[in-house]
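What follows is calculated from the coordinates using simple rules that are stated; it is not laboratory data. Remember, predicted model here, so these are calculated numbers, not experimental data. Here Cβ is always computed from backbone atoms with ideal geometry, including for glycine, and neighbour counts include all displayed protein chains.
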Amino acid sequence: MARIASLLVPLFPLAARLRSEPELAGEAVVIVEGNGNAAHVIAASRRARRETICAGMTLPQARALLPKLIARGRDAECERTSQEALLEIAERFSPRIEDAGEGVAHLDVSGMEGLFRDKKETTAEEGPADHETTLARAIIQAAGTAGLPTRVGIAASKLAARIAAELPKSPVIVPPGEESAFLAPLPLTRLLPELAIGDALGRWGIRSIGELARLPEAEVASRLGETGRALHWAARGVDSRPLTPRLPPPEFREGMDLEWPLVSLEPFLFIANAALDRLARRMEVQGFACRRLELLLKLEPDGYDSRGIDLPAPTRDVKTMLTLIRLGLEARTPGAPVAGFSFVAHPDRPRRAQLSLFGSPALSPDKLATTIARLAALIGSDRVGTPVTVDGHAPERFAIVAHDPPPPPELRRRPRRSRGLLAVRVLRPPVPVEVIMRGNELHSVQPLAVRNDSGDGSKRMKIEGSIRVASGPWSLEEGWWCEKPVDRDYWDVELSSGGVYRIYRERGEGGWYVDGMYD
Amino acid sequence: MITATPLDLRLVTAYVIGTSSLLLPVESLMSSALLFQMPLLPRETRPPADSETEITPPLRDDLARLRASLAPELAARISSASELARTLQRRRRDEAIPTTIPEVDRLLEGGLPRGRLIEIAARRSTGRFSIALSTVASATSSGDAAAFIDLGDHLDPSALEIAGAELSRVLWIRPRTVKEAVTSAELLIATGFPLVVAELGVHPLPGRRVAEASWVRLARAAEGHGAALLVCSPYPISGTISEAVISGQRGRAAWQGEKKTPRLLTGLSTTLRLEKHRHRKAGDAVMLRLLMKEVIR
């Protein structure tokens, strides 16, 4: 026989809000729906309920009872992410889960005796329900850790499990085959809280589910129609609806609607940090890391702003993601106050490094990706990477690609012996100079008074002095078919002031430049 | 009398560490034991297979018993896997990363010590950049990762490849200011790079001078993570925190050809001097000769 566990988060709109704003826990908080004086309470925290505030009151009525009452509007984004979090908790315990919406999830828990048998509590006489109690307690604990106070009911059908989960003393385990006996003493409102048919049954004097179940099915069906027949089946604990397994979503979402629109960055980042932290924890539970992060901003009064951040490698580092978001928002501001936001993380498997006993230690791919992302945010993504050679002869040529190092060798190698090579320090961009000629020979180099175009206010390096020895010219001609062909005459020069340089003259314009220093 | 099988020895996970730092496998130990007719583990000391929690203590006892049963010189060379891992890690931290330029390695007594900041402060054309490239080539050719922080954007990837580096193991950072360079170095050290080379370019350095506290923090980070940090700058910049400071005298170019005959640059010779060392007397000097690749060919 199938066994179904129902997870139910009581006062779901309130629980979802408290999950997003944990600092409100313990306060007198109500969730309201509607605007102005028409706003009415749909859920109240325990402290507010103690002050006799209950669902259905208008907000002014509630405030009259408790002036310091904290009121929050119902937040669809919060509820959606909380529902996802609830489903992810359910997935930890069973691969077959159903999303029943509004803080409810069903799990197929058949055949889990071996997984949740608690040696300390279970004895042979206690029967098969004991492992289900252990399982239900584990679910309640996991959900509580994730900030969602949850009740659990386990029965043979979704209906009975759901009703069991609604009862206050959680967990409630309905033994197999005893669904109708479990339902019989419960009031009829548990079965049909909002149906108009309940009034008709009330007039007949039917108060409990058991009284309805004892009526003849055909008589109920002839008077109340198909709805009545289905209700009669439900009252007998018969629920033919199978569990509909949900497909895991391809992405993780977190977000919330803000109480007040935000116009500055810091308060937004403060809230975003908490949301990213929740997102990272959810991904960690499933063994995922974020490969791409999308941010959707809801703007005031209307409109949206969306942006995406591609991460160099899957990561769960909140600090890195927050830094990238900060830089993205600073570079391109939304242009309007932010009234809500939503993060969408595209998951990927995090990379793992193989540890080596005798070889060089490999860098942790996760840490490396985080560092590269932070460096890219700090100095620019085109300034971090692996150097690669480029075909050609122009000395200034280079390319930089994303850093993806190969694994280290299994055994440490001996370092390659140096050949004592003299390297050239490339000067990018080349330093323009004036070269004085005497006859056909180079005589001296003088700095050229030119404006510094780098824009960072830095001073240009100064190269001057008479030329002690010059070697050249060496001709370099490349890319004559391009818009900017390279057509130069090169010299190696040693200056009296110190320094050995590589200088060239552009054949076309005739200007002199220093593009390298032997160092 | 020998009562153990090779399987019993494998349970002990024993290795013999030779003086050449390489390992001899279990079979060698077995053959050594056979050779010396040493009593080995009795079979009944094998730990019960069904209890994972009880494996460690009996194994430790087995190892102690095995050591006690062997000759002292052989027993001293037996190590458990965890001891071996610790020894190798310790040895790795004590190793220096050679620059593979004999003159520089002689000044630094083997190369760049891990966990220390070494500074080369030298002006133009003193071989500073060549030493930096050679160090990166040395680390990457042995399989280590290396980070090259290039403040002046001076690196030619083909020059690094010719120097012998595996470019795929090099992370090239091109900061704009000294502050960015120092921040980058700190991040890279914390990531676990065993070698970080901060090449600060030529005078004048872009951006403001960073506080000495930043270098102290950087040196502490290198010490904490066992990274070798080489700072190459045109003048002493890291203050008192460095392990050693090497200065370079103005280099003289070597030319082929005389007077009116065509000249050809063949290399550069310069004098390197140990200005400071925490554990040695400073003042040693070496003559460094670097050659053009065309001459070497």
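Across all directions, the average projected area of the convex hull around the alpha carbons of the range B:74-223 is 10.6 nm². Each Cα pair under 8 Å and six or more residues apart adds its separation to the average, and for the range A:20-88 the resulting relative contact order is 31 percent.
Under conditions of 20 °C and 1.002 mPa s, the range B:235-293 yields 157 µm² s⁻¹ as its translational diffusion coefficient, taking Rh as the Kirkwood radius over Cα pairs in the Stokes-Einstein equation.
Adding -39500 (n - 2.57) for every DSSP H run of four residues or longer, then dividing by how many residues chain A holds, sets the calculated 222 nm ellipticity at -9000 deg cm²/dmol. A Cα-only calculation for the range B:176-231 places Rg and Dmax at 10.9, 31 Å. Rounded to the nearest 0.05, the FRET efficiency derived from the C-beta distance between B:Ser269 and A:Ala274 at R0 = 41 Å is 0.10.
Report the net charge of residues surrounding A:Met256, where surrounding means a beta-carbon distance below 12 angstrom and charges are Lys +1, Arg +1, Asp -1, Glu -1.
Taking every other residue near A:Met256 into account, the sum is +1.
Cross-link pairs exceeding 30 Å between alpha carbons, from the set A:Lys367/B:Lys293; A:Lys169/A:Lys319; B:Lys259/B:Lys293; B:Lys179/B:Lys281: A:Lys367/B:Lys293; A:Lys169/A:Lys319; B:Lys179/B:Lys281. Take the Kirkwood radius over Cα pairs of the range A:314-382, plug it into Stokes-Einstein at 4 °C and 1.567 mPa s, and you get 89 µm²/s for translational diffusion.
Computed with the Debye formula from one identical point scatterer per Cα of the protein assembly as shown, without solvent, the log10 of I(q)/I(0) at q = 0.05, 0.06, 0.11 Å⁻¹ comes to -0.47, -0.63, -1.21.
The simple spin-label model puts a point 7 Å past each Cα toward its Cβ; for A:Arg413 and A:Trp480 those points are separated by 4.1 nm. With all projection directions averaged, the alpha carbon convex hull of the range A:154-230 covers 5.2 nm². Taking every pair of Cα atoms in the range A:1-76, average 1/r, invert it to obtain the Kirkwood radius, and report Rg/Rh to two decimals. Radius of gyration over Kirkwood radius for the range A:1-76 works out to 1.08. Contact order, relative form, for the range B:119-239: 34 percent (alpha carbon pairs under 8 Å, 6 or more residues apart, mean separation divided by residue count).
Note on the range A:366-519: the alpha carbon radius of gyration divided by the globular reference 2.2 N^0.38 Å gives 1.31.
Within the range A:278-427, the percentage of alpha carbon pairs spaced more than 18 angstrom apart rounds to 70%. Net charge of the neighbourhood of B:Ser142, taken over other residues with C-beta under 9 Å away and scored Lys/Arg +1, Asp/Glu -1, is +3.
Put simply, the amide H of A:Leu421, placed in the peptide plane, has neighbours under 5 Å in B:Leu291, leaving out anything fewer than 5 places away on its chain. Annotation for the range B:170-210: trypsin sites (Lys or Arg not before Pro) lying in DSSP loop with at most 12 further Cβ atoms inside 10 Å of their Cβ are B:Arg208, B:Arg209. In plain terms, if you count all Cα to Cα distances in the range B:125-195 and split them into 10 Å steps from zero, the share in each step is 21, 53, 26, 0 percent. Label sites at A:Ser110 and B:Lys276, each approximated as a point 7 angstrom past Cα along Cα to Cβ, lie 7.6 nm apart. Rounded to the nearest Hz, the phi-derived 3J(HN,Hα) couplings of the range B:240-254 under the Karplus curve 6.51 cos²θ - 1.76 cosθ + 1.60 (θ = phi - 60°) are 8, 7, 5, 6, 8, 10, 10, 10, x, 7, 4, x, 10, 6, 9, where x marks glycine and proline.
Taking K and R as +1 and D and E as -1, what net charge do the other residues with C-beta under 13 Å from the C-beta of A:Ile503 add up to?
Result for the local shell: -4.
Which loop trypsin sites (Lys or Arg not before Pro) in the range A:485-519, with loop taken from DSSP, have no more than 16 other Cβ atoms within 10 angstrom of their Cβ?
A:Arg507
Projected onto planes of every orientation and averaged, the convex hull of the alpha-carbon atoms in the range A:282-321 covers 3.5 nm².
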